[in-house]
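Student: One structure, as structure tokens, below. Some questions next.
The values are calculated or read from the model by the stated rules, or taken from the named source; none is laboratory data. Keep in mind the model is a prediction, meaning the values are calculated, not measured. Cβ sites come from the backbone with ideal geometry, for glycine too, and all protein chains shown count toward neighbours. Only protein heavy atoms, including side chains, enter the accessible area calculation; ligands, DNA and RNA are left aside. Shrake-Rupley method; radii C 1.70, N 1.55, O 1.52, S 1.80 Å.
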Amino acid sequence: MKKQTKLVDCSSAVFVYDFSNRNNIKELDFEKSYPLADLTNLKRLILTNFFDDRLLATFTLRIPFSEYGNIDSRLQVFINQLKKSSGCSNIKYLAVSELPSEKDEPIVYINLITDLEIYSLTEALNDEISKENDEDYFGELWGNDVFIDVPTQKELLTVFISAYNKSINSRIYNRFTKIIFKSRLQQPIVLWNEEADSFIRNKNLFDHPYHRSDETFDKTAGFVIVNEYSLYDTSSYTEELG
């Protein structure tokens, strides 16, 4: 049996999977089995693009269920307005819909995070809008209530993971299976075997302040030793990544 190492670099956290298998494994079972594969990819995107010390703003956007069929265009219009108000022409974003549990519930919540810090949301408006009125201003642009927050790193993962789980368990999920929207996001870096070993040595992973190690059974790879090296304490929120 051949020893194999897969490394996934998510910037703020690095996951190392060690296992032995006679076959060349490209994806572990949890990376390709629905819904855990989508959930894993969602967590990795958050860790790669938004999990740092910046004061990033998150938006909770209300939209009537009857209008959700136009959510792609509504989101794009809102992002274009953000570009104008912030003066930033390139905005990366991730949005996850929180569908109602029952079809007769009238509201869908869109959880949106961008790479804009809270102080820069209206920077291009020359102080025309006070910070206290940001929610009213963006609510008018969106056409419904908007709530703005600056979550901690742990809260950020919790909000988006919870929204995803609620949506896929919704009775109306089969009608609207697209619940994740994203643009310009950096993908995690994946390295194998010798390249993974070189990365571990060159990046001094053992010096990361947080480390979690576990062994799990994967249907594709067999027994896998999972090591997570993180710049932040993510242990309670990334267990399913292993």
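Student: Given the options ILE25, ILE46, name the one that is part of a loop (DSSP other than H, G, I, E, B) and crowded, with 18+ Cβ neighbours inside 10 Å. Show your work before the answer.
Tutor: Working: ILE46 fails: part of a loop (DSSP other than H, G, I, E, B).
Result: ILE25 is the single residue among ILE25, ILE46 that is part of a loop (DSSP other than H, G, I, E, B) and crowded, with 18+ Cβ neighbours inside 10 Å.
Student: Can you pull out every residue in region 160-184 that is of a type in the set (A, V, I, L, M, F, W, C) and over 16 Å from ARG44 (Cβ atoms)?
Tutor: At the first step, the residues of region 160-184 found to be of a type in the set (A, V, I, L, M, F, W, C) are 160-161, 163, 168, 172, 176, 179-181.
Within region 160-184, ALA163, ILE168, ILE172, PHE176, ILE179, PHE181 meet the criteria.
Student: Give the residues of region 1-22 that are over 14 Å from THR40 (Cα atoms), hydrophobic (A, V, I, L, M, F, W, C) and buried (at least 21 other Cβ atoms within 10 Å of the Cβ), sorted by residue number.
Tutor: Passing the criteria: LEU7, VAL16, PHE19.
Student: Output the residues belonging to region 93-116 that are in contact (Cβ under 8 Å) with a residue 40 or more places away in the chain and assigned to a loop (DSSP other than H, G, I, E, B).
Tutor: In the first step, residues of region 93-116 are kept if they are in contact (Cβ under 8 Å) with a residue 40 or more places away in the chain; the result is 93-103, 105-116.
The answer is LEU99, PRO100, SER101, GLU102, LYS103, GLU105, PRO106.
Student: Of all residues in region 33-67, how many are more than 18 Å from ILE161 (Cβ to Cβ), at pLDDT 95 or above and out of contact with any strand residue (DSSP E or B) (no Cβ under 8 Å at 6 or more places or on another chain)?
Tutor: 0
Student: Here's another thing I want to ask about it. Which ranges mark the helices (runs of 4 or more DSSP H) fully within region 119-203 that have 1 or more residues being in contact with a helix residue (DSSP H, G or I) (Cβ under 7 Å, 6 or more places away or on another chain), at negative phi and not charged (D, E, K, R)?
Tutor: It comes to 134-142, 153-168.
Student: What are the pairs with Cβ atoms under 8 angstrom where one residue, in region 51-66, is in contact (Cβ under 8 Å) with a residue 60 or more places away in the chain and among the charged types (D, E, K, R) and the other, located anywhere, is in a strand (DSSP E or B) and open to solvent by 50 Å² or more (accessible area, probe 1.4 Å)? Sequence gap at least six, or different chains.
Tutor: Close Cβ pairs (under 8 Å, with a partner that is in a strand (DSSP E or B) and open to solvent by 50 Å² or more (accessible area, probe 1.4 Å)) amount to ARG62/TYR109.
Student: Mind listing whichever residues of region 196-206 are open to solvent by 50 Å² or more (accessible area, probe 1.4 Å) and touching a residue at least 24 places away in the same chain (Cβ under 8 Å)? Explain how you work it out, then say what you get.
Tutor: As a first pass, look at region 196-206 and keep what is open to solvent by 50 Å² or more (accessible area, probe 1.4 Å): 197, 201-204, 206.
Residues satisfying the conditions are ASP197, LYS203.
Residue-wise test of (1) open to solvent by less than 80 Å² (accessible area, probe 1.4 Å); (2) at pLDDT 95 or above; (3) farther than 22 Å from PHE59 by Cα; (4) not polar (S, T, N, Q).
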residue: PHE147; (1), (2), (3), (4): no, yes, no, yes
residue: LYS178; (1), (2), (3), (4): no, no, no, yes
residue: PRO188; (1), (2), (3), (4): yes, yes, yes, yes
residue: PHE217; (1), (2), (3), (4): no, yes, yes, yes
residue: PHE223; (1), (2), (3), (4): no, yes, yes, yes
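Student: Any idea how many residues of region 49-78 are in a helix (DSSP H, G or I) and surrounded by fewer than 19 Cβ atoms within 10 Å (Cβ to Cβ)?
Tutor: 10
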